[in-house]
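Notes to accompany the following structure.
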Amino acid sequence: MISKRIKEQGILAKLLEQGIRVLLIKECKKISNIKINIISSSTKIIKGEIQKIDIIAEDINYKDLLLDGVELKANNLKINFKIINKELCFKNNPRMKFKISLSQNSLKNVLISNKWSHIGNMISKGILNQDKLENVKINNSQLFIKTSEEKKSNYETEKIDIETDKGKIYLRNRNNNKTIQIPFEEKIYIENVNIKNNLINIFGYSSISF
């Protein structure tokens, strides 16, 4: 009897894992090395409940946002899962903790891309009084931004501080004491940001909606 329950729980958890994997692949233009760990009894899963879930993935393109790594954790999820076609949705708008990691190449490619260059140029104008963001570098756990003025050949490179306050991320230029808030969806709350091993790591939480 015990062996049968363990086997049943394994099958249900595996099916759920595949459903979540399908959902992630559907939502992302690119995602690699997905690891999903579901902790829940077979009874809970049958009722549409997941006690705990951990997700790790790498090399992600989500709505043209390039992320080197993502870690997600959530508890007490209410789900609607159709086993036949592996369709999954969340019913209780759960909150998920996250860690997002970005390299300088990912950050640069996002901020100079056609879709997101307005954010890069907003940063350049807001804290450096320059028209265009040209490059981003991470060196010795510090962030440097290179900018240029439209129709001029001169460039400026400044060290920029990353700060958090009341759930938001701010970039600050100490040389002119200018600060700019990075726009995020309201459902996202940023707890902390650091630079370690040449990666910008962002910690926070957000409600889940697909």
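The values are calculated or read from the model by the stated rules, or taken from the named source; none is laboratory data. Because the structure is predicted, anything quoted here is derived from the model rather than measured. When we count neighbours, we look across all protein chains shown, and the Cβ atoms used for this are built from the backbone with ideal geometry, even at glycine.
Test Asn201 against the stated conditions and say whether it is polar (S, T, N, Q), touching a strand residue (DSSP E or B) at 6+ places or on another chain (Cβ under 8 Å) and within 18 Å of Ser101 (Cβ to Cβ). Yes; evaluated as a whole, the condition is true for this residue. Selection of region 73-116 for residues being modelled with pLDDT of 95 or more and in contact with a Phe, Trp or Tyr (Cβ under 6 Å, 6 or more places away or on another chain) yields Lys97, Lys99. The set of residues in region 145-155 that are surrounded by 15 or more Cβ atoms within 10 Å (Cβ to Cβ) and in a strand (DSSP E or B) comprises Ile145, Lys146, Thr147, Ser148. When region 113-144 is filtered for residues that are in contact (Cβ under 8 Å) with a residue 24 or more places away in the chain, in a strand (DSSP E or B) and surrounded by 13 or more Cβ atoms within 10 Å (Cβ to Cβ), the ones remaining, listed by number, are Asn135, Val136, Lys137, Ile138, Leu143.
Which ones in region 169-180 are surrounded by 13 or more Cβ atoms within 10 Å (Cβ to Cβ) and not hydrophobic (A, V, I, L, M, F, W, C)? The answer is Tyr170, Arg172, Asn173, Lys178, Thr179. Just so you know, in region 181-206 the residues that are outside any strand (DSSP E or B) and among the polar types (S, T, N, Q) include one that is surrounded by the fewest Cβ atoms within 10 Å (Cβ to Cβ), and it is Asn197. For region 62-72, the set of residues classified as part of a strand (DSSP E or B) and among the charged types (D, E, K, R) consists of Asp68, Glu71, listed by residue number.
A quick yes/no check of all residues on (1) part of a strand (DSSP E or B); (2) of a type in the set (Asp, Glu); (3) over 23 Å from Arg95 (Cβ atoms); (4) under 22 Å from the mean Cα position of the chain (by Cα):
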site: Val22; (1), (2), (3), (4): no, no, no, yes
site: Lys26; (1), (2), (3), (4): no, no, no, yes
site: Ile31; (1), (2), (3), (4): yes, no, no, yes
site: Ile36; (1), (2), (3), (4): yes, no, no, yes
site: Ile45; (1), (2), (3), (4): no, no, no, no
site: Gln51; (1), (2), (3), (4): yes, no, no, no
site: Asp54; (1), (2), (3), (4): yes, yes, no, yes
site: Ala57; (1), (2), (3), (4): yes, no, no, yes
site: Ile60; (1), (2), (3), (4): yes, no, no, yes
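With the structure loaded, tell me whether Asn197 is closer than 17 Å to Gln142 by Cα and not aromatic (Phe, Trp, Tyr) or whether it fails that test. So Asn197 fits the description; yes.
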